[in-house]
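Asks: This structure is in structure tokens; I'll ask about it shortly.
The values are calculated or read from the model by the stated rules, or taken from the named source; none is laboratory data. All figures in this text were calculated on a predicted structure; none of them were measured in a lab. All Cβ positions, glycine included, derive from the backbone under ideal geometry; neighbour counts span all protein chains shown. Only protein heavy atoms, including side chains, enter the accessible area calculation; ligands, DNA and RNA are left aside. Shrake-Rupley method; radii C 1.70, N 1.55, O 1.52, S 1.80 Å.
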Amino acid sequence: MYFQVRWPDGSRSRCYSPSLVIADFLRPEQSYPVTEFVDLSGRALRIAGERVREKYGFFCTSASQQIAEIEDKAAGFAGEGSVTVERFER
């Protein structure tokens, strides 16, 4: 599942989750403070990565990479502003 987000500077990211669990943590058309978005998306992506481990025997590297990309992008905002989840794509 993909989820598109808009950052405080107006830029957009198309993010990937290997599991639909992301929809349990984030809502389309909802805005989150940057730090909350990092926390929620990270928690969801870790669960998604573990679901891959349970099924295939290894943690999903795509989930790890997406967490790192979100954290790197968020660091540029120093916790200021909000991130809007624009939509999910299956």
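Asks: Per residue and in Å³, how big is the convex hull formed by the alpha-carbon atoms of the chain?
Replies: Dividing the Cα hull volume of the chain by its residues yields 72 Å³.
Asks: Provide the FRET efficiency to the nearest 0.05 for the R53-L20 pair, computing r from the beta carbons and using R0 = 25 Å.
Replies: Details: r = 17 Å, r/R0 = 0.66.
E between R53 and L20, to the nearest 0.05, is 0.90.
Asks: Given a 1.4 Å probe, how much area per residue of the chain is accessible, in Å²? Before the final figure, lay out each step's value.
Replies: On the way: 5120 Å² over 90 residues.
Using a 1.4 Å probe on heavy atoms only, each residue of the chain averages 57 Å².
Asks: If I fit a long axis through the Cα atoms of helix 61-75 and take the longest principal axis of the Cα atoms of the chain, what angle between them do I get, 0 to 90°, rounded to 10?
Replies: 20
Asks: So for each of 41-54, 5-18 I average, over its residues, the number of other beta carbons within 10 Å; can you give me the resulting order with the highest mean first?
Replies: 41-54, 5-18
Asks: Rounded to the nearest percent, how much of the accessible area of the chain (1.4 Å probe, protein heavy atoms only) is carbon and sulfur?
Replies: On the way: 2320 of 5120 Å².
So the carbon and sulfur contribution to the accessible surface is 45 percent.
Asks: At R0 = 22 Å, how high is the FRET efficiency between Q30 and D72 if r is their beta carbon distance? Nearest 0.05 is fine. Intermediate values should be presented prior to the final figure.
Replies: Details: r = 22 Å, r/R0 = 1.01.
E between Q30 and D72, to the nearest 0.05, is 0.50.
Asks: Given V52, V21, G10, which one lies farthest toward the positive end of the charge dipole of the chain, if we put +1 on the Cβ of every Lys and Arg and -1 on the Cβ of every Asp and Glu?
Replies: Highest projection toward the positive end goes to V52.
Asks: What angle do you read, to the nearest 10 degrees and between 0 and 90, between the alpha-carbon axis of helix 34-56 and the longest principal axis of the chain?
Replies: Approximately 10 degrees, to the nearest 10.
Asks: Below 8 Å between Cα atoms, with a sequence gap of 6+, how large is the relative contact order for the chain in percent?
Replies: Values: 153 pairs, mean separation 40.6, N = 90.
The value is 45 percent.
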